[in-house]
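Step one of this worksheet: look at the structure below.
The values are calculated or read from the model by the stated rules, or taken from the named source; none is laboratory data. Remember, it's a predicted structure, so these values are computed and weren't measured experimentally. No Cβ is skipped: glycine too gets one built from the backbone with ideal geometry, and neighbour counts run over all protein chains shown.
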Amino acid sequence: MEKRRVLQVVVLLVFLSGGIALAQVTTGTILGTVKDSTGAVLPGAKVVLLNEETGISRTVETDAAGRYSALSLSLGNYRVTATLEGFQTVVRTGIVLTVGREAVVDLSLAVGAVTQSVEVRGEAPLVEATTASLGSLVDARTIRALPLNGRSYDQLALLQPGVILTSPGATSGTNLNLGSGKRFSVGGQRPYNNSFLLDGTSINDQGNGTPGGAAGTNLGVDTIQEFKIFTNSYKAEYGHSNGAVITAITRSGTNTLHGTAFEYIRNSALDARNFYDPGPSPPSFKRNQFGGVLGGPIQKDKTFFFGGYEGMREGLGTSQIGTVPTLLARQGILPTTAGSASTVTVPVNPAVVPFLALYPLPNGRDFGDGAGEFLSSPTIVTNQDYFMVRVDHQLNAKTSIFGRYTFDNDNRNLPGSLRIFYNTTASRRQYTTLQASSILGPKALNNFRFAFNRAYSRNENLTIPDPGPQVSIIPGQPFGQIQLGALGGGGPRAMTELGGNGGNGAFVFAFNVFQWSDDFTYVTGKHSLKTGVDIQRLRDNTATPSRLRGLYTFRSFNDFLAGNASNLQAASPLGIPSYWGLRQSLYAVYGQDDYTVNSRLTLNLGLRWEITTNPYDVNGKQAIFPSPAATATVISDRFISTSKKNFQPRVGIAWQLTASGKTVLRAGGGIYHDQILPWFYQQQTALPPFFGRFSTSNPPFPNGYEVLRAGALIAMEAWTPFNKTPVNDQYNLSLQHEIFRNTVVQVAYAGNKANHLVSRRDTDTPIPTILPDGRKFFPPGAPRRNPAWAGITTYEAATNSHYNSVTVTLRRQSSSGFLGQIFYNFSKAMDEGSSMLGSDSARSASALLDPEDRARDWGLSDFDSRHNVVLNFSYPVPFRASSKALGAVVNGWTLDGIGTFTAGLPFTARLASSVSRNLANNFAERPDLKPGASQNPNQGTSVGCAGIPAGQKLRTADRFYDPCSFSLPELGTYGYLGRNTIIGPGVANVDLSLEKRFQLREQVNVTFRAEVFNLMNHANFGLPNTTAVATSGAANAAAGRITYTTTSSRQIQFALRINF
């Protein structure tokens, strides 16, 4: 009933708007004014716009004010011709139309005969004179010139202002809940707040993260025509998310048959050692990427094809570091204190021995506390195959169609740091788009588009060889996981965990999106009007068997030896995997008016209304949790109810400060919603009476399942029944100036304020008493507020964030000479929480420290990187030799490069175990700050404390920060250290390529490329160990220790490309 009412409203709004419109742009616009030599406007002039690559043209006529506008033109190189009786013909060439570009091409006609022709070659000004949106374009030449590590086109987003590559922490597998592509934050927003488009249709996967297969890559760089990212205040035709819009356009064929065959190879024999490689040489690494593209005419000036294939075969040796018990520790012989020669013997429970046997013996450093390093170099095996085919057809002078199909299949085998635990991932992505474009008259045109996009993924943890049923936590299931550390998997571990993925079963996602959209554009006088609708039907068939195999938690290694588990979690019903067929629809209607006030002032006015239907399960397995006081769920026709009042006004102004049009002042703002889609709630749909998660404290080991079978309590994880849609208010002010031909400098301020972001908190903690100084105190044995559950985790749209930035950008664009971009970005991102899942980020807790006081978590965002300098360039070396023999050596060299220099991201100092006694299922506790100590103790040397020598140098891989600055809070209270107070390691990375082109024939050349990644072989360190204080209250001996790098060591890649 609800879906019918929503559809009726959409249809009514579309009818009233006079047409329906597409929510994404895949084309460009050429517009301008035609005047005579005195500056008087010329009405009735005929302007012909010819795509020189396909031979397809469009003819428009200037209006009474001499204006012309050609909307929705296909991308490519254009020749613009203007004619009028009594005036000479003017031809303007060299106009490169890119995705979303509004190229202003003003023409001046001199008195004379029409048969007289004046040709002028010159690009339109690069300043954006008609839009206030902030964004960046990566053109075809840049895409194919830059050294992309892995040849994944999504890396192009990292070259743009406001984009930060997140570093969530070392992972032991692929977390498909959040997508498997590279994860980046734009404008301080979360990585899953971005919208990804391919030829104008959504390709966001089940995790709403960056698309990517098992390898985390998006192959097919050679099939991409252009890549653009909108970062702030984009127009009303874009929606779905409140972060950035990243759009890629595939290549199409032309009247000329052209193609490329290529192979890229890597071998560890050419590489440098990684900082953590144990031997004198790096582990074995072999990668082959090969394929080709081909495009051309099927029928000249009418039908074109383009296709491409790329394959990747990789065996990547890695350096893994695990923390394992020593031989004496396995026997219960432990040092009295870290580094002490004296020992104490504790009894070892015989039931623990088979599990201890899963640990390999140390082969690296002995930490002197019963633990040592286990170093290994396992090989990650990755296979990936990609292909794309596209056909464009011009039905007649006014109607064209195209169809495109993309296929990507891959798999990866990822060994863990303990040698016998493996994570396996396989995925298959298929994207299909059909589009029809029609010119309905001199002032009107229409685009219709249909897409079916499917992403299938499977992720599972395996133990090889299988240790057998004697170590099964849940009968009939493979071995799950044992964690030594805090409850919930979010805290630190004394030893590397046994098993993987939280004891979950195999996760399977089959995410299907059917999308219908259409746009109607009408130009009248000074107004360019668009109205439209976007309809998406989402079918997410998913199996997410949380804790199916069982998860034991021990507070310490000593407890593990004794078999004293602190917690056991398992799926309910025992051994039964959970699965759903989630169904939901998205409807959006928008209107946009780009109003040309005069030749130098343009207003962008838009309004978008976008909603989602209430999600449900196709099999009827849905319930709601009414409130934290409820003792049972309520079977319902939906999982949650979403807001339907999502109105999004957009406004912008572009003012050309000079008559030349080379200086533009722009300002814009708008409201943007992040729609609540399956990726938000698919992990929180396991509600009784259908599914759930058992949790019991202090269970017997290893047969704790018997307690669960007898009727343990359920640990409730549920959304609040009704949620407002997360919303982001964006705003910007920028000044662009073309300082000389093809070169633009921009100074821009960009900011946003987000509300109702998704967060989670424990809502079943005991009721605290208030101490005289105002602190909360939890007495021993205090009961939960609702004893019907083993804790309640509530997900709700209630968190806030704030972001401000200033960026200075210098950009040069050229089709043949030097091109490049460099920018400096200064920014600050603040929030109350940067993630909603514990597996999302290890930099800070995903839940609130104090569930009743959000202000205590207001601090730097996980994505706050204060200073960023990023550059990229392509430079054809200007050597020219007329001699054929000498020219074969000297001519045709090009140098390309990428440089990234970013400040470190913050992280939170943590405790080893709970001190507050608040019974939270989501570990978020922090220490106290010692009097006079810095909350960011990462400079100079350690002040020294028990187990940490005074004078030890900080900001090293062994001790990045000083744990002696922190102390254990009073038992029963929260620590008062703030969130994300320590700034982690930054990134300094340079990638460089040198290529030589050999011209074999006029239309055939061979290019040899040598690419060097991390040219300086700089060790870009990852997240340090965040556990500052041990359970005993002493400084954690491993605090600040870093065990991995975020970039590879220096690696060299060779490539051969044959172009024709």
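Before moving on, here are some points about what is shown:
- Unmet requirement for SER599, which otherwise passes all of (1) at pLDDT below 95; (2) surrounded by fewer than 16 Cβ atoms within 10 Å (Cβ to Cβ); (3) not β-branched (Val, Ile, Thr): (2)
- Wholly enclosed strands (runs of 3 or more DSSP E) of the stretch 953-1036 bearing at least 1 residues free of Cβ contacts under 8 Å to residues at least 24 places away in the same chain: 987-1001
- Within the stretch 597-629, the set of residues being part of a loop (DSSP other than H, G, I, E, B) and of a type outside the set (Gly, Ala, Ser) comprises ARG600, THR613, ASN614, PRO615, VAL618, ASN619, LYS621, GLN622, PHE625, PRO626, PRO628.
- Residue within the stretch 411-420 that is farther than 30 Å from ASN363 by Cα and at pLDDT 90 or above present: yes
- Failed item in (1) in a strand (DSSP E or B); (2) of a type in the set (A, V, I, L, M); (3) closer than 14 Å to TYR153 by Cβ, with LEU219 passing the rest: (1)
- Identification of strands (runs of 3 or more DSSP E) wholly contained in the stretch 342-435 with 3 or more residues that are buried (at least 19 other Cβ atoms within 10 Å of the Cβ) and either of a type in the set (Gly, Ala, Ser) or on the phi > 0 side of the Ramachandran plot (or both) yields 371-376.
- Residue that is touching a helix residue (DSSP H, G or I) at 6+ places or on another chain (Cβ under 6 Å), at pLDDT 90 or above and closer than 30 Å to PHE421 by Cβ, where the choices are ARG330, ARG313, ARG273, ARG287: ARG330
- Set side by side, the residues THR131, THR93, THR29, THR81 differ, and just one is closer than 30 Å to LEU440 by Cα, in a loop (DSSP other than H, G, I, E, B) and among the hydroxyl-bearing types (Ser, Thr, Tyr), which is THR131.
Let's see how each residue does on (1) without any contact (Cβ under 8 Å) to a residue 12 or more places away in the chain; (2) closer than 30 Å to PHE402 by Cβ:
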| position | (1), (2) |
| --- | --- |
| SER281 | no, no |
| SER284 | no, no |
| PHE290 | no, yes |
| GLY296 | no, yes |
| LYS302 | no, yes |
| THR318 | no, no |
| THR323 | no, no |
| LEU328 | no, no |
| SER342 | yes, no |
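- Scanning the stretch 1040-1060 for residues that are within 29 Å of ARG1001 (Cα to Cα) and either part of a loop (DSSP other than H, G, I, E, B) or of a type in the set (Val, Ile, Thr) (or both) yields ILE1058, PHE1060.
- Among the residues of the stretch 449-472, those identified as over 24 Å from the mean Cα position of the chain (by Cα) and either surrounded by fewer than 17 Cβ atoms within 10 Å (Cβ to Cβ) or not basic (Lys, Arg) (or both) are PHE450, LEU462, THR463, ILE464, PRO465, ASP466, PRO467, GLY468, PRO469, GLN470, VAL471, SER472.
- Residue within the stretch 664-678 that is over 30 Å from ALA565 (Cβ atoms) and of a type in the set (S, T, N, Q) present: yes
- Selection count, the stretch 295-340, where residues are surrounded by fewer than 18 Cβ atoms within 10 Å (Cβ to Cβ), part of a loop (DSSP other than H, G, I, E, B) and either hydrophobic (A, V, I, L, M, F, W, C) or in contact with a Lys or Arg (Cβ under 8 Å, 6 or more places away or on another chain) (or both): 0
- Of all residues in the stretch 716-730, those being more than 30 Å from ALA571 (Cβ to Cβ) and either crowded, with 18+ Cβ neighbours inside 10 Å or more than 25 Å from the chain's Cα centre (by Cα) (or both) number 4.
- Test: residue in the stretch 799-815 that is closer than 25 Å to GLY502 by Cβ and without any contact (Cβ under 8 Å) to a residue 60 or more places away in the chain: yes
- Qualifying residue in the stretch 630-637 (condition: β-branched (Val, Ile, Thr), part of a loop (DSSP other than H, G, I, E, B), free of Cβ contacts under 8 Å to residues at least 12 places away in the same chain and more than 30 Å from VAL513 (Cβ to Cβ)): no
- Scanning the stretch 875-902 for residues that are of a type in the set (A, V, I, L, M, F, W, C) and surrounded by 20 or more Cβ atoms within 10 Å (Cβ to Cβ) returns a single hit, ILE898.
- All positions within the stretch 45-62 that are part of a loop (DSSP other than H, G, I, E, B), over 36 Å from the mean Cα position of the chain (by Cα) and at pLDDT below 90: GLU52, GLY55, ILE56
- Those residues of the stretch 747-765 which are crowded, with 19+ Cβ neighbours inside 10 Å, over 22 Å from ASN194 (Cβ atoms) and not basic (Lys, Arg), in sequence order: ASP762, THR763, ASP764, THR765
- Screening ARG419 with (1) touching a Lys or Arg at 6+ places or on another chain (Cβ under 6 Å); (2) under 30 Å from ARG843 (Cα atoms); (3) of a type in the set (Lys, Arg) gives one miss only, at (1).
- Yes/no for GLY239 being within 20 Å of GLY669 (Cα to Cα), touching an Asp or Glu at 6+ places or on another chain (Cβ under 7 Å), modelled with pLDDT under 90 and not β-branched (Val, Ile, Thr): yes
- The listed residue being over 30 Å from ASN363 (Cα atoms) and crowded, with 19+ Cβ neighbours inside 10 Å, out of ALA248, ALA261: ALA248
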